[in-house]
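J.: What follows is a structure written as structure tokens; I'll ask about it next.
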Amino acid sequence: MHKFLGIALLVLATTTSAGRAQTVAKSLAEKLGYARDAKLLIVHADDLGMTHSVNAASIKGLESGLVNSASIMVPCPWFPEMADYAKAHPDADLGLHLTLTSERVFYRWGPVAPRDKVPSLVDPNGYFHLNWTETSHIDAKEVERELRAQIERAMAMGVRPTHLDSHQYRLFENGKDIFQSALRVAHEYKLPVFVVRDWFVDRPYLLSSLSPDDLVVHHTVTMEPGVAPEKWAKFYEMALRSLQPGVTVFIIHLAFDDEEMRAATRERDTWGSAWRQRDFNFFTSAEFRALLEEQNIKLVTWRELAHAAK
């Protein structure tokens with residue numbers, strides 16, 4: 001994962017007409033009923049379905065009203081619990097965290113599609129690869145097959161996703177063919193897909209693949225390795241105080257620091273049990289709520305953005 005600090009602004013393409021000057025489309029903030037310079041925020045929890053601990057903390061975060069969006073990992077063992085929650089809470093802003101890797105050493109998952117139909121995506125034991133390397137030879141057609149399988153399973157179990165994003169950003173960082181596979185699937189299901197404008201400089205294939213109707217996020221904020229635990233709250237406080245007009249997306253990772261989560265992530269601390277407890281503590285805190293009010297930051301959802309962009 002990468003650090004993208006700063007403003008997050010969802011923009012629409014400018015429109016042109018023959019014989020007329022170029023005009024700028026109404027901003028999403030304005031379409032949502034806010035002023036153009038409003039500061040809008042999506043607080044988005046990743047990895048739901050990974051463990052019961054992640055689910056329990058994320059549900060509590062969502063029900064606090066401070067975490068207002070999340071995405072679910074369909075291939076993971078605790079997906080059925082989140083599918084049941086999604087079916088019982090149809091208004092929840094729940095997307096799919098499309099998953100093609102299984103990065104924990106002792107806690108693994110594999111594809112939804114039959115393994116013999118996606119051989120480039122699995123290791124000799126039938127799990128998703130721990131990591132993708134230059135020698136992985138990932139087949140973009142198999143990626144597309146697996147993405148459809150994940151979406152179809154989610155919908156069959158009652159999930160009505162509001163958006164799509166990518167576990168570990170694999171769909172965005174591994175070449176044009178794989179990104180276009182993801183984009184085709186998103187367009188087919190008429191769902192917005194999380195893309196960051198800051199990526200365009202290093203990955204120009206992203207911009208060239210998008211249509212004028214695709215939503216694009218300018219920046220996103222997420223915690224990175226190297227921040228000391230005692231500076232966790234300060235990191236987020238500074239990011240909130242630095243927010244600029246537009247729509248910012250905070251990507252966070254919630255879980256309780258309990259025995260299950262410690263066992264699932266015990267091989268390394270990054271995005272592990274204590275990490276996720278710290279995220280939970282901050283984003284359900286009175287301090288976070290007060291910062292939103294003090295900075296006049298309004299919470300919005302992917303569902304609202306997709307509706308406004310139509």
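The values are calculated or read from the model by the stated rules, or taken from the named source; none is laboratory data. Quick caveat, the model's predicted, so the values are computed rather than measured. Don't worry about glycine lacking a Cβ; one is built from the backbone with ideal geometry, like all the others, and counts go over all protein chains shown.
J.: Are any of the residues in the range 299-306 charged (D, E, K, R) and crowded, with 17+ Cβ neighbours inside 10 Å? Lay out the reasoning, then the answer.
T.: Of the range 299-306, the ones charged (D, E, K, R) are 303-304.
Now drop any that are not crowded, with 17+ Cβ neighbours inside 10 Å, which leaves 303-304.
Looking for residues that are charged (D, E, K, R) and crowded, with 17+ Cβ neighbours inside 10 Å, one finds at least one in the range 299-306, hence yes.
J.: Quick one: count up the residues across the range 137-149 that are surrounded by fewer than 23 Cβ atoms within 10 Å (Cβ to Cβ) and either within 19 Å of Arg108 (Cβ to Cβ) or within 15 Å of the chain's Cα centre (by Cα) (or both). Working first, answer last.
T.: Let us first name the residues in the range 137-149 that are surrounded by fewer than 23 Cβ atoms within 10 Å (Cβ to Cβ), namely 137-142, 144-145, 148-149.
This time we only want the ones that are either within 19 Å of Arg108 (Cβ to Cβ) or within 15 Å of the chain's Cα centre (by Cα) (or both), so: 138, 142, 149.
Here the count works out to 3.
J.: Considering the range 169-214 alone, what residues qualify as being assigned to a helix (DSSP H, G or I), closer than 18 Å to His97 by Cβ and polar (S, T, N, Q)?
T.: Result: Ser181, single match.
J.: How many residues does the range 110-123 hold that are assigned to a loop (DSSP other than H, G, I, E, B) and under 17 Å from Leu171 (Cβ atoms)?
T.: 4
J.: Tell me, yes or no, whether the range 72-92 has at least one residue that is assigned to a strand (DSSP E or B) and either in contact with an Asp or Glu (Cβ under 8 Å, 6 or more places away or on another chain) or surrounded by fewer than 24 Cβ atoms within 10 Å (Cβ to Cβ) (or both). Reasoning before the result, please.
T.: Filtering the range 72-92 down to residues assigned to a strand (DSSP E or B) leaves 72.
Within this subset, residues satisfying the condition of being either in contact with an Asp or Glu (Cβ under 8 Å, 6 or more places away or on another chain) or surrounded by fewer than 24 Cβ atoms within 10 Å (Cβ to Cβ) (or both) are none.
No - not one qualifying residue is present in the range 72-92.
J.: Determine whether the range 255-266 contains at least one residue that is in contact (Cβ under 8 Å) with a residue 24 or more places away in the chain and either touching a strand residue (DSSP E or B) at 6+ places or on another chain (Cβ under 9 Å) or assigned to a strand (DSSP E or B) (or both).
T.: Within the range 255-266, the first condition is being in contact (Cβ under 8 Å) with a residue 24 or more places away in the chain, and the residues that meet it are 255-256, 258, 260-261, 263-266.
Still in the running and either touching a strand residue (DSSP E or B) at 6+ places or on another chain (Cβ under 9 Å) or assigned to a strand (DSSP E or B) (or both): 255.
Yes - at least one qualifying residue is present in the range 255-266.
J.: For the range 244-254, enumerate the residues that are assigned to a loop (DSSP other than H, G, I, E, B) and under 17 Å from Val67 (Cα atoms).
T.: Residues of the range 244-254 that are assigned to a loop (DSSP other than H, G, I, E, B), as a first pass: 244-245, 254.
Hit for the range 244-254 is Leu254, nothing else.
J.: For Asp123, are the conditions met, namely being farther than 25 Å from Val43 by Cβ and either surrounded by fewer than 18 Cβ atoms within 10 Å (Cβ to Cβ) or not β-branched (Val, Ile, Thr) (or both)? Break it down stepwise before answering.
T.: Numbers: farther than 25 Å from Val43 by Cβ: yes; either surrounded by fewer than 18 Cβ atoms within 10 Å (Cβ to Cβ) or not β-branched (Val, Ile, Thr) (or both): yes.
Judged against the criteria, Asp123 is a match.
J.: For the range 266-296, how many residues meet the condition of being more than 20 Å from the chain's Cα centre (by Cα) and closer than 30 Å to Ala35 by Cβ?
T.: 12
Residue-by-condition table, conditions (1) of a type in the set (Lys, Arg); (2) out of contact with any Phe, Trp or Tyr (no Cβ under 6 Å at 6 or more places or on another chain):
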residue	(1), (2)
Arg108	yes, no
Ser120	no, yes
Leu191	no, yes
His219	no, no
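J.: Next question, about the same structure. Determine which member of the set Glu152, Glu134 is surrounded by fewer than 20 Cβ atoms within 10 Å (Cβ to Cβ), assigned to a helix (DSSP H, G or I) and acidic (Asp, Glu).
T.: On the way: Glu134 fails: assigned to a helix (DSSP H, G or I).
Result: Glu152 is the single residue among Glu152, Glu134 that is surrounded by fewer than 20 Cβ atoms within 10 Å (Cβ to Cβ), assigned to a helix (DSSP H, G or I) and acidic (Asp, Glu).
J.: For the subset of the range 228-245 comprising residues that are among the hydrophobic types (A, V, I, L, M, F, W, C) and more than 11 Å from Phe288 (Cα to Cα), which member is modelled with the lowest pLDDT?
T.: Taking the range 228-245 first, the residues among the hydrophobic types (A, V, I, L, M, F, W, C) are 228, 232-233, 235, 238-240, 243.
Next, only the ones that are more than 11 Å from Phe288 (Cα to Cα) stay: 228, 232, 235, 238-239, 243.
Numbers: Ala228: 97, Trp232: 97, Phe235: 98, Met238: 97, Ala239: 97, Leu243: 93.
Filtering first and then ranking leaves Leu243.
J.: Moving on to the next point. Consider Gly126 against the criteria (1) in a helix (DSSP H, G or I); (2) touching a helix residue (DSSP H, G or I) at 6+ places or on another chain (Cβ under 6 Å); (3) among the small types (Gly, Ala, Ser): it satisfies all of them except one. Which criterion is unmet?
T.: (1) is the only condition that Gly126 fails.
J.: Out of Leu66, Leu62, Leu40, Leu100, report the one residue that is surrounded by 22 or more Cβ atoms within 10 Å (Cβ to Cβ) and either in a loop (DSSP other than H, G, I, E, B) or touching a Pro at 6+ places or on another chain (Cβ under 8 Å) (or both).
T.: Numbers: Leu66 fails: surrounded by 22 or more Cβ atoms within 10 Å (Cβ to Cβ); Leu62 fails: either in a loop (DSSP other than H, G, I, E, B) or touching a Pro at 6+ places or on another chain (Cβ under 8 Å) (or both); Leu40 fails: either in a loop (DSSP other than H, G, I, E, B) or touching a Pro at 6+ places or on another chain (Cβ under 8 Å) (or both).
The conditions single out Leu100.
J.: Another one. From the list Glu144, Glu152, exactly one residue is among the charged types (D, E, K, R) and touching a Lys or Arg at 6+ places or on another chain (Cβ under 8 Å). Which is it? Explain how you work it out, then say what you get.
T.: Values: Glu152 fails: touching a Lys or Arg at 6+ places or on another chain (Cβ under 8 Å).
Answer to the selection: Glu144.
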